[in-house]
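Written out below as structure tokens is the structure these notes cover.
Since every read-out is calculated from the coordinates, none of them should be taken as a lab result. These numbers were taken from a predicted model, which means no experiment stands behind them. Neighbour counts are summed over all protein chains in view; Cβ atoms, including those assigned to glycine, are modelled from backbone coordinates with ideal geometry.
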Amino acid sequence: MDLTEALPLGELAAAFAALPVFPLFDTAYFIISILYLKYEPGAVEMSRKSPFASWLCAMLHCFGSYILADLLLGEAPIGYFSHNSSVILATAVWYLMFFCPMNLFYKCVSFLPLKLVFVAMKEVVRVRKIAAGVHHAHHLYHHGWFVMMATGWVKGSGVALMSNFEQLLRGVWKPETNEILHMSFPTKASLYGTVLFTLQQTHWLPISEANLIFFFTMFMIVCKVFMTATHSHASPFAPLENLICPVLFGSVSSGHPGHHHDHHGASHEVSHPPPPPPAKSKEELNEGTRKRKAKKAE
Amino acid sequence: MDLTEALPLGELAAAFAALPVFPLFDTAYFIISILYLKYEPGAVEMSRKSPFASWLCAMLHCFGSYILADLLLGEAPIGYFSHNSSVILATAVWYLMFFCPMNLFYKCVSFLPLKLVFVAMKEVVRVRKIAAGVHHAHHLYHHGWFVMMATGWVKGSGVALMSNFEQLLRGVWKPETNEILHMSFPTKASLYGTVLFTLQQTHWLPISEANLIFFFTMFMIVCKVFMTATHSHASPFAPLENLICPVLFGSVSSGHPGHHHDHHGASHEVSHPPPPPPAKSKEELNEGTRKRKAKKAE
Amino acid sequence: MDLTEALPLGELAAAFAALPVFPLFDTAYFIISILYLKYEPGAVEMSRKSPFASWLCAMLHCFGSYILADLLLGEAPIGYFSHNSSVILATAVWYLMFFCPMNLFYKCVSFLPLKLVFVAMKEVVRVRKIAAGVHHAHHLYHHGWFVMMATGWVKGSGVALMSNFEQLLRGVWKPETNEILHMSFPTKASLYGTVLFTLQQTHWLPISEANLIFFFTMFMIVCKVFMTATHSHASPFAPLENLICPVLFGSVSSGHPGHHHDHHGASHEVSHPPPPPPAKSKEELNEGTRKRKAKKAE
């Protein structure tokens with residue numbers, strides 16, 4: 001039993017971890033996910049021309065985490081779609097987002113204060129998914145540390161990790177980048193989070209699961225709400241990474257072209273274009289595009 | 001018990017649904033599938049240079065439905081290949097199609113009256129697969145409506161749904177389109193069919209499975225035989241879609257750039273080229289190409 | 001009981017087949033696999049900018065065979081990652097290969113005599129994997145000949161069969177070629193090997209598994225050591241293929257544009273560029289690149 005359990009904080013954390021995510025938090029997750037799908041160039045047109053493809057993209061955005069985790073663990077990728085109520089709810093959100101008369105639904109959920117509430121609620125679901133993924137993998141592979149971390153990671157990152165193929169479904173193909181090569185904040189946070197949850201599950205981190213869920217969720221909410229509100233791209237991990245990465249890997253990671261050793265005889269050719277600035281999440285990129293267009297329209 | 005069962009039609013339908021598909025109908029399925037593979041640009045050359053890759057493509061065309069359904073349901077994608085006799089039969093059809101002396105086999109199966117018979121027989125197999133897929137998914141997920149529909153759909157559409165990757169195997173890459181974005185007739189018909197079979201399986205459609213198989217097969221045979229014989233691209237679903245889609249989705253679907261609402265602040269950019277005309281199936285496209293080349297040769 | 005068992009050779013073969021591959025032979029497998037990853041253009045830079053992506057690529061190179069076999073058989077693709085010691089060992093090799101001070105580790109393992117030892121040891125592991133794959137598939141599908149051959153093949157070929165997607169992870173996309181269309185020696189040898197092991201498993205080849213492992217491993221070691229030492233690209237299968245393929249497939253396979261029949265009405269268009277010379281393995285290609293750069297540097 002750790003210190004936090006002695007305080008009322010432990011009870012708060014336990015109650016928080018037991019909070020049911022369906023239907024409210026799940027709805028917020030769907031809203032934000034499909035909102036960012038709508039920001040994608042061509043998404044609105046696709047919804048008119050190929051509504052089925054648009055719906056399928058929306059389902060990938062909403063349930064990508066379950067699909068990927070099931071793929072990794074050899075279970076049916078379509079298994080989660082047996083939860084009819086979740087699929088119908090996500091479908092309703094998709095329909096309202098793309099086909100609501102006068103675009104009312106979109107305007108409502110884009111209203112910043114309300115949007116920030118949904119963003120916060122989405123992070124609650126994300127962290128829960130990471131914890132559930134690690135827990136499920138632990139159940140199947142008691143000592144499979146890497147399996148636990150991988151499962152938690154894909155549960156947290158969701159559709160971002162299959163972005164190349166989700167784009168392919170929309171007829172877009174950008175092979176020069178992917179979410180693993182240039183990690184956005186949610187993907188990187190999910191990676192660090194899954195390590196923490198795995199350490200907790202294997203009793204290397206002396207904290208209860210409920211407390212870890214609580215604290216990590218608070219961290220994610222603060223970061224994401226701040227980044228969404230200010231359109232900031234600064235990663236909260238940057239200070240720590242800039243300290244550790246040069247030591248471990250010989251340069252600053254995440255896209256900065258640091259000095260690297262001259263490897264005698266090894267290939268120096270670079271097959272891909274100059275490194276991009278710190279990876280913005282699809283959400284951040286699209287927010288910027290959206291704002292510029294809104295200004296142009298004005 | 002519905003009306004049709006009282007008539008001899010019910011017995012006919014029952015007998016029809018019980019007809020074994022192996023080996024005759026399966027052979028026809030393989031013949032038509034591999035025939036359309038042969039129409040693909042570069043397929044003949046590939047069979048000479050990389051016969052193994054050509055064979056693998058043929059296997060994808062013949063068994064793609066089973067592979068996709070198994071992938072969806074978390075079963076072994078290679079599982080169907082344990083049916084040695086089916087694989088050997090498909091291999092024999094592939095070999096005769098590509099390597100028969102004087103191209104005799106190809107000339108025989110291309111003889112239009114015989115080809116139309118094979119096309120009809122292929123539709124018998126397609127509808128059976130949809131029904132079997134829905135049935136199998138129902139067995140695993142008793143109330144998984146979306147799972148049933150997805151399984152039936154991939155069983156009916158087959159390799160078309162993985163066309164991007166089947167082309168990749170042949171060294172071709174066309175990311176700007178795919179079978180979900182621009183649905184051809186067989187894929188769309190399979191989608192509507194799987195909805196009907198799911199409604200039937202869950203007792204929402206008051207018709208027996210045998211009757212539904214019978215009537216839907218007749219519908220598919222009439223459409224496909226007519227479209228193959230006349231090289232028509234008109235979709236029989238167009239009248240119904242042109243009625244419903246503008247109401248539900250605000251424009252005509254299937255590639256017509258209809259008027260869409262101005263979404264304040266949303267992105268208007270189009271990331272892909274102007275929409276193509278109503279999607280022709282790979283088969284129809286290749287038939288057109290083949291005919292033009294035949295005329296040129298003459 | 002076959003003749004070889006009467007000789008001490010039988011005992012040698014049995015002892016050889018029972019030799020544990022972990023940790024020595026597995027380490028050699030990891031070293032050679034990651035060495036060839038390092039040769040890839042941009043790999044060193046990727047290790048600096050995106051160390052996680054670099055590590056993931058290395059894991060695909062080391063464990064690609066297990067991932068593919070599990071994918072085929074509907075088991076958890078991440079299952080092998082529950083072997084923590086193997087993953088940690090592979091991680092250690094990756095770290096030393098890319099981040100060892102003064103590039104010492106790379107220089108050591110590139111020292112030709114030592115490298116040839118590792119190459120030989122890698123072939124021991126490859127053949128064992130083919131045998132294990134066939135054996136495992138036989139256990140699941142007693143009469144699934146094609147399943148056994150497919151499983152053994154992917155176990156032997158490993159990451160090469162998913163090269164397009166491994167490259168995609170590195171931000172590289174080359175759809176015009178793939179390992180099935182233009183097979184390199186290891187992939188082709190694995191294909192022939194899996195046929196032999198399947199015939200042995202189903203008692204069509206009168207030889208014990210231990211003896212087949214022994215002889216096939218010796219064959220692979222001799223070929224790979226010779227090809228690595230001399231940078232030769234000549235395939236030992238070429239004489240046999242040049243005899244059989246023209247008879248079966250009407251021309252010489254593996255990239256030679258032989259005469260093909262004129263198919264009346266069939267498409268003659270070639271959708272991909274002129275055929276490349278006999279496929280060099282990624283290893284051979286990168287060795288050539290590396291040597292030219294080393295000469296330039298001098």
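What relative contact order, as a whole-number percentage, does segment A:116-191 give when Cα pairs under 8 Å and 6 or more residues apart are counted?
That works out to 29 percent.
Taking a point 7 Å out from Cα toward Cβ as the label site, list the nm distances between A:Ser85 and the same residue in every other copy, smallest first.
So the distances to the same position in the other copies read 4.8, 4.8 nm.
Kindly state, to the nearest 0.05, the FRET efficiency for B:Cys100 paired with C:Cys100, given R0 = 35 Å and r defined as their beta-carbon distance. Don't skip to the answer; put the middle values down first.
Numbers: r = 59 Å, r/R0 = 1.67.
E(calc), rounded to 0.05, equals 0.05.
Please work out the C-alpha center-to-center distance from segment B:122-170 to segment A:65-108 and express it in whole Å.
20 Å
Please work out how much length the chain gains when fully extended from C:Leu12 to C:Val117, using 0.36 nm per residue of separation minus the C-alpha to C-alpha distance, in nm with one decimal. Please report the intermediate quantities before stating the final value.
Numbers: separation 105, 0.36 × 105 = 37.80 nm, distance 1.98 nm.
The C:Leu12-C:Val117 span can extend by a further 35.8 nm.
Can you figure out the FRET efficiency of B:Ile88 with C:Tyr192, using R₀ = 25 Å and their beta-carbon distance, to the nearest 0.05?
Working from the Cβ atoms, E equals 0.80.
Which chain A residue hugs the A-B rotation axis most tightly by its Cβ, and what is that distance in angstrom, to the nearest whole number?
A:Gly74, 4
With the label 7 angstrom out along Cα to Cβ, how close does A:Leu12 come to the same site in each of the other copies, in nm, nearest first?
In ascending order, 7.5, 7.5 nm.
Starting from a label point 7 Å past Cα on the Cβ side, list the distances from C:His233 to the same position in the other copies, nm, shortest first.
Spacings between copies for this position, smallest first, are 4.2, 4.2 nm.
Please give, to one decimal in nm, the separation of the simple spin-label points placed at A:His203 and C:Met218, each 7 Å out from Cα toward the Cβ.
5.2 nm
Need one number: nm distance between label points at A:Val225 and C:Phe22, each 7 Å from Cα along Cα→Cβ, rounded to one decimal.
Here the modelled spin labels are 4.7 nm apart.
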